[in-house]
1. Using R₀ = 22 Å, calculate the FRET efficiency as 1/(1 + (r/R₀)^6) where r is the Cβ-Cβ separation of residue 179 and residue 122; round to 0.05.
2. Ordered by packing density, taken as the mean number of other Cβ atoms within 10 Å over each peptide's residues, highest first, how do 68-81, 127-140 rank?
3. Quick one: net charge of residue 132's neighbours, Cβ under 12 Å, K/R +1, D/E -1?
4. Taking amide H positions as placed in the peptide plane 1.01 Å from N, state which residues far from residue 125 in sequence (5 or more) or on other chains have amide H under 5 Å from it.
5. State the extension gain, in nm to one decimal, for the chain segment bounded by residue 53 and residue 85, taking 0.36 nm per residue of separation less the distance between their alpha-carbons.
6. Return the FRET efficiency for the residue pair residue 208, residue 133: r is the Cβ-Cβ distance, R0 is 25 Å, and the value is rounded to the nearest 0.05.
7. List the residues, sorted by chain then number, that are 5 or more residues from residue 173 or on another chain and whose placed amide H is less than 5 Å from its amide H.
8. So how much slack lies between residue 200 and residue 149, counting 0.36 nm per residue of separation and subtracting their Cα-Cα distance, in nm?
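Every number here is computed from the coordinates shown, using simple stated rules; none is lab data. Predicted model, so just to flag it, every value in this text is computed and none were measured. Cβ placement follows ideal geometry from the backbone for every residue including glycine, while neighbour counts extend to all protein chains displayed.
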Amino acid sequence: MARYKDEQCRRCRREGQKLFLKGERCFSDKCSISRRNYAPGDHGQKRAKLSEYGTQLREKQKTKAYYGVGEKQFRKYFEMASNKKGVTGENLLQLLESRLDNVVYRLGYGTSRAQARQFVNHAQFEVNGKKVNIPSYIVKPGDVISVRESKKDNGTIKINAEESSKRPVPSWLERDTEKLSGKVIRLASREDIDIAIEEHLIVELYSK
């Protein structure tokens, strides 16, 4: 999959809002949005009015960056969402939220989705007792996600768990910090998405 290799903070500045790509830095005074809330580049401060297509495209790019998904995979999720019953845009966000790397991040075991993705890639986690090293693995209600027994001495995960223990997790998840695990109670609903995404714009873009 193609990887974005430029400075991550530029992506937030390009979209004009925090995408929480850098973990704790996003909550500090070092956050680029707090310091330079305009697009990167020589003409970044001269924001031109976007066309209808441009607005739809930016919404798609923002959502891709937020979840760390490439174009090919993102389109695949859209097709899956289109074939499911219900509202396509909400189905799309539900699929993205159900990715294993996102769930690890939501449980507080990764400070960012990028770090959570790395943990999953390195086989630090298991689902229902079975090792899973695929970040795009889609979890289901009832699934138990936990740090593998042989990896529980990972200092970074322990620190992340301690620091996030006082923060609430989304209502569709349940966390057990002592056991370094979590459970999917239900699938995420639209109300559980805590970033301003206008998913109908993405649907309109792909429907052209």
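1. On the way: r = 20 Å, r/R0 = 0.91.
Efficiency at R0 = 22 Å is approximately 0.65.
2. On the way: 68-81: 16.8, 127-140: 15.1.
My ranking of the peptides, most packed first, is 68-81, 127-140.
3. Working: positive: 99, 130, 131, 148; negative: 101, 126, 143.
Within the 12 Å Cβ shell, the charges total +1.
4. 132, 148
5. Values: separation 32, 0.36 × 32 = 11.52 nm, distance 2.66 nm.
Value of the extension gain: 8.9 nm.
6. Numbers: r = 37 Å, r/R0 = 1.47.
Given R0 = 25 Å and the Cβ-Cβ separation, E is 0.10.
7. Those lying under 5 Å, H to H, from residue 173 are 185.
8. Values: separation 51, 0.36 × 51 = 18.36 nm, distance 4.21 nm.
So the chain would gain 14.1 nm between residue 200 and residue 149.
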